[in-house]
Amino acid sequence: ENKESSSSRGALIVLEGLDRCGKTSQSGRLYKYLEERGHSVESWRFPDRNTGVGQMISSYLANQSQLDDHAIHLLFSANRWEKRSLMEEKLKSGTTLIVDRYSYSGVAFSYAKGLDIGWCKAPEIGLLAPDLVVYLDISPEKAAERGGFGDERYEQLEFQKKVAGSYLALRDSSWKVIDATLSIEDIEKKLREVVLDCMKACHKGKPLSQLWP
Ligand code: T5A
Ligand code: NA
């Protein structure tokens, strides 16, 4: 139908979930799978700790600096804005992006601290909307049992329970929820299915849109 678009665009795929739910493991596997099949694909993550803003965020997460809750919220958002034009360029040139955390993390974690949800969403307005949000579903208790939990600022059971509640408030019917307690291989299979479906829709000309729909 979309006769104007001669070349098809890439898909914006976002993985979300509690700390230790397995996003990084799964984005790596998904990247490898798509790449080996000849797709143009990149693996991204937020926070992107490589930028100046990202370094401030990283130091905050490691408890090496203190910041007002609103200030850190805006830094996380700025960290997405500084990558927005590159993101659009990549997608329009046909590259699929697998993104480990995005705006939903931004809102979920700050809302869990008690900030107003509308205030949390405001600086995210105008960022590119994902074509697919996959939520890797794990209980805060199970996540806490996984290796490395407790090293960074937000990796505390009581706080993760609040984050789980925030995600529930943010989720809509378009999100694909995968049980994150399955084996890594089973999750990988389910993830591939929903991602390939989404990529097909994007190739067929599904337009890029902006947050919040
Ligand atoms: N944040 C982030 C905000 O507050 N606002 C924002 O806007 C953004 C973008 C940093 C923190 O910043 C917050 C959220 C975070 O608290 P991060 O650097 O992405 O975010 O840190 P995490 O998301 O917490 O990354 P983790 O590495 O802790 O978790 P992952 O990536 O979800 O999990 P992964 O793949 O590293 O796996 C964790 C462990 O579980 C095992 C792995 O081997 C590993 O040991 N594992 C499994 N075990 C059993 N079964 C499975 N299916 C497993 N899958 C993985
Ligand atoms: Na991670």
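Before rounding to the nearest 500, sum -39500 (n - 2.57) across all DSSP H runs of length at least 4 in the chain and divide by the residue total; then give [θ] at 222 nm in deg cm²/dmol.
That calculation yields -14500 deg cm²/dmol at 222 nm.
Can you work out the FRET efficiency for the pair residue 49 and residue 157, with r the C-beta to C-beta distance and R0 = 25 Å, to the nearest 0.05?
0.55
With everything on Cα atoms, drop me the angle between helix 23-36 and the longest principal axis of the chain, reported from 0 to 90° to the nearest 10.
Helix 23-36 sits roughly 20 degrees off the main axis of the chain.
At q = 0.16, 0.18, 0.19 Å⁻¹, what is the base-10 log of I(q)/I(0) for region 97-201 according to the Debye formula with one equal point scatterer per Cα and no solvent? Please give it to two decimals.
For region 97-201 at q = 0.16, 0.18, 0.19 Å⁻¹, log10 I(q)/I(0) is -0.83, -1.03, -1.12.
Take peptides 19-28, 129-138, 57-66 and line them up by average Cβ neighbours within 10 Å, highest first, as a rough protection proxy. The partial results should precede the final answer.
Details: 19-28: 20.5, 129-138: 22.4, 57-66: 13.9.
Put in order of decreasing packing, that is 129-138, 19-28, 57-66.
Using only the alpha-carbon atoms, how far is helix 184-203 inclined from the longest principal axis of the chain? Give it as 0 to 90 degrees, nearest 10.
50 degrees
About the Cα centre of region 63-136, what is the dipole size in debye to 20, counting +1 per Lys and Arg Cβ and -1 per Asp and Glu Cβ, all else neutral?
My answer is approximately 140 debye.
Setting aside same-chain residues fewer than 8 positions from residue 90, which lysines have a Cα under 19 Å from its Cα?
Candidates past the 8-residue exclusion: 32, 200, 204, 206.
Using Cα atoms only, what is the angle between the long axis of helix 103-112 and the major principal axis of the chain, expressed in degrees (0 to 90) to the nearest 10?
For 103-112 against the chain, the angle is about 20 degrees.
With all pairs of different alpha carbon atoms counted, what Kirkwood hydrodynamic radius in Å does the chain show?
This gives a value of 17.7 Å.
When the distances between all Cα atoms of region 120-168 are binned every 10 Å from zero, what whole-number percent does each bin get?
Result, from short to long distances: 20, 41, 31, 8 percent.
Between the alpha-carbon centers of region 15-41 and region 104-172, tell me the distance in whole angstrom.
Taking the Cα centre of each part, region 15-41 and region 104-172 sit 19 Å apart.
Quick check: residue separation of residue 40 and residue 179 times 0.36 nm, minus the Cα distance between them. What number comes out in nm?
47.3 nm
Straight-line reach from residue 142: which lysines fall under 26 Å, measuring Cα to Cα and dropping same-chain residues less than 8 apart?
Counting by Cα, and skipping residues close in sequence, residue 142 has these lysines nearby: 23, 113, 161, 162, 176, 189, 190.
Charges only on Cβ, +1 for Lys and Arg, -1 for Asp and Glu: so what's the dipole of the chain about the Cα centre, in debye to the nearest 20?
Dipole magnitude for the chain comes out near 440 debye.
Which order do 73, 203 fall in if you start with the one that has the fewest other Cβ atoms within 10 Å?
If I rank by nearby Cβ atoms, fewest first, I get 203, 73.
Each reported figure results from applying straightforward, stated rules to the coordinates on display, with no laboratory input. As the structure is a computational prediction, the values presented were derived from the model and not from experiment. No Cβ is skipped: glycine too gets one built from the backbone with ideal geometry, and neighbour counts run over all protein chains shown.
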